[in-house]
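What follows is a single structure, written as structure tokens, with notes after it.
Nothing in this text is a laboratory measurement; each read-out follows from the coordinates by a stated rule. Bear in mind that the values here come from a model prediction, so they are computed numbers and not experimental data. Cβ coordinates were reconstructed from backbone atoms using ideal geometry, including for glycine residues, and neighbour counts include every protein chain displayed.
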Amino acid sequence: LIGIGGMGQVHEAWQIPLERGVAVKRSKGKGGTNSNGKMLIREGRLLACLEHPNVPPVHILGIDEDERAVLVMKRIRGDTWLALLQDPSHPRWSEVHTNRQIGGIKTLIQVARALEFAHSKGILHRDIKTENIMVGDFGQVYLLDWGLAAELDDHGKVVASKFSGTPAYAAPEMVHKRENLTPL
């Protein structure tokens, strides 16, 4: 078990034909047609549109033998940005060859690049927070958990009928009903 979220669980697994570790996200509840299953399938399809160095690649999307939606992605080894920020003596800080503020800015730039690409594809993340940012073992930065992502309409906006995200990290317009959400 790697993690647990609102829609399901993420496990580490071994992809036998390719002999590699992967991350497998499964929806809660049986059936790919329940709300969690539909959201996970939607997340997988959106992620598949986002081939970018700072977004985890999708390998497989489908339904497992227990009739749960399954999303198989790259297994990312590293630490969340939250873990680094909370622990000034975290071993990963020794890999930062400049001061921590510059290291943090470089991480933020990589997240901004992922968001810029997603916005160019008409997708808003809607849950950007330090625990959804992973710093890999070789300095790679990934923006994770696209489960609340939304597609922009033809006018470049999302009209949200209800709040989705983490309140402490949400933009003010996200908490107002029927407020237009845009990339800017």
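Side notes on the structure shown:
- Mean projected area (nm²) of the alpha-carbon convex hull when region 1-105 is viewed from all directions: 8.3
- Distance from the Cα centroid of region 80-119 to that of region 1-22 is 24 Å (rounded to whole angstrom).
- MRE, 222 nm, helices only [DSSP H, n ≥ 4, -39500 (n - 2.57), over the chain, to nearest 500]: -7000 deg cm²/dmol
- For the chain, dividing the convex hull volume of the Cα atoms by the residue count gives 131 Å³ per residue.
- Cβ-placed point charges (K, R +1; D, E -1), dipole of the chain about Cα centre in debye, nearest 20: 220
- Take 127-135, 105-113, 146-154, 91-99 and order them by the average number of nearby Cβ atoms within 10 Å per residue, most first; the result is 127-135, 146-154, 105-113, 91-99.
- Residue by residue, region 105-111 carries 3J(HN,Hα) couplings of 5, 5, 5, 4, 4, 5, 5 Hz when phi is fed to the Karplus relation 6.51 cos²θ - 1.76 cosθ + 1.60 (θ = phi - 60°); x denotes Gly or Pro.
- Local net charge near R92, Cβ-Cβ under 14 Å (Lys/Arg +1, Asp/Glu -1): -1
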